[in-house]
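The values are calculated or read from the model by the stated rules, or taken from the named source; none is laboratory data. This is a predicted model, so every value here is computed, not measured. Neighbour counts run over all protein chains shown; Cβ positions are idealised from the backbone, glycine included.
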Amino acid sequence: MEERINLLDLTLKQMQEVLSEMGEPSFRGKQIFSWLYKGAASFDEMTNLSKPLREKLNQKACIELPEILRVQKSAKDETRKYLLRLSDGNTIESVFMKYKYGNSICISSQAGCRMGCRFCASTIGGLKRNLTPGEFAGQILQIQRDTGELVSHIVVMGTGEPFDNYENLIAFITNIHQKEGLNIGLRNLTVSTCGLIPKIRKFMEDMKQVNLAISLHSADSGIRESMMPVNRQYPVEELLQTCREYTKETGRRITFEYALVRGKTDTKEQLSLLASRLRGMLCHVNLIPLNEVKETGLSGSSRTRAAEIAAYLEGQGIPATVRRELGADIQAACGQLRLGISSEKP
Ligand code: SAH
């Protein structure tokens, strides 16, 4: 039997084409698309389709949601971390978070990651593979089913480098933004990158309204390179220049994620360099005291030190906040997500 297509991988237009190849009118495409994003997990739930059509669909297509292997609930807040199994057995993690403004999900873009950042757990086993558009969306749909709650904000900050899987990322964003999809506003979406410059340029044309976050972590090329191999190909000076162009082109504020590594990125000299390089840019600095990842041997600054640093940057005219720490007790915080297999270890 030929392989069935996962309908969640299709854009609305592609869905309409598939349906018309099956001899169906094009409005059926829209109907099915909207069922998918309402959370239908089988064709039988699509009650306004005839039984013969549902059977025909079943032969040609499927709705593939990731399987929930484990849910960990934080004892401190309402954060939940999901370990999800993809159809080929690869596993990924996604995190559900509650904020005053609504529910948010942090989703993965790849199984594993090949960027090699020294402080991050997601890259330890290397890259397994890219996620398909349907696997991006499947994380949200499955978690909405499990929690019974709708999500209003999405951040692509789980495992993987979203700009290393660019085409699928764009297809996914297009789908969930559709009125018939999840109808999520582009401004409620945030994509974070470690700094793949050509893709940042492309993104500013393709997705002007989506929030962009840059994992900066140091304004000093030497220090950045010692933590982030990507800095060799795309040095921080060039990255910041591109960010400046981004803010001019889009008129939108950029978020810089800055991990506070004790004795490395939290020193006076490093912070003064940061301030001088960001001065005058339409930006915001999100300070993240490095979360512990056993393998890395690096440690984070205290929250008191982080608050001092935020005050210092503010004093220099650079808006800065310390990121709230959600789900740290279940290893769901930034940089702690990893392939499920290894997170099984105590
Ligand atoms: N690959 C993308 C998406 C991942 S986002 C990117 O690099 O932006 C996850 C964020 O958590 C990134 O800013 C990443 O640098 C940061 N991070 C990774 N490990 C961390 C750790 N141990 N402590 C705090 N932040 C970490």
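List of remarks:
- Taking the listed residues 208, 294, the one that is basic (Lys, Arg) and within 11 Å of the ligand (Cβ to nearest atom) is 294, with no other qualifying.
- Here residue 71 clears all of (1) in the same structural domain as residue 181 (by TED's automatic domain parsing); (2) surrounded by 17 or more Cβ atoms within 10 Å (Cβ to Cβ) except the condition numbered (2).
- Close contacts from segment 261-279, counting a first residue that is closer than 17 Å to residue 301 by Cα and a second that is at pLDDT below 95 and hydrophobic (A, V, I, L, M, F, W, C), with Cβ to Cβ under 7 Å and a gap of 6+ residues or different chains, come to 261/119; 261/290; 261/298.
- Within segment 168-213, being assigned to a helix (DSSP H, G or I), more than 19 Å from residue 134 (Cβ to Cβ) and β-branched (Val, Ile, Thr) holds for 197, 200.
- Residue identified as closer than 17 Å to residue 137 by Cβ, surrounded by fewer than 20 Cβ atoms within 10 Å (Cβ to Cβ) and among the β-branched types (Val, Ile, Thr) among 5, 32: 5
- Residue among 263, 297, 280, 317 that is more than 24 Å from the chain's Cα centre (by Cα) and within 25 Å of residue 196 (Cβ to Cβ): 280
- Sole residue being closer than 30 Å to residue 201 by Cβ, crowded, with 17+ Cβ neighbours inside 10 Å and at pLDDT below 95, chosen from 290, 274, 313, 260: 290
- Whichever residue in segment 238-265 is farther than 24 Å from residue 155 by Cβ and in contact with a helix residue (DSSP H, G or I) (Cβ under 7 Å, 6 or more places away or on another chain) and, among such residues, is nearest to the ligand (Cβ to nearest atom): 264
- Residues that are within 20 Å of the chain's Cα centre (by Cα) and within 12 Å of residue 197 (Cβ to Cβ) within segment 217-238 comprise just one, 230.
- From 163, 136, residue being closer than 22 Å to residue 4 by Cβ and within 16 Å of the ligand (Cβ to nearest atom): 136
- Across segment 91-105, not a single residue is classified as part of a loop (DSSP other than H, G, I, E, B) and surrounded by 19 or more Cβ atoms within 10 Å (Cβ to Cβ).
- When residue 318 is tested against (1) in the same structural domain as residue 209 (by TED's automatic domain parsing); (2) among the hydrophobic types (A, V, I, L, M, F, W, C); (3) within 16 Å of the ligand (Cβ to nearest atom), just one condition goes unmet, and that condition is (3).
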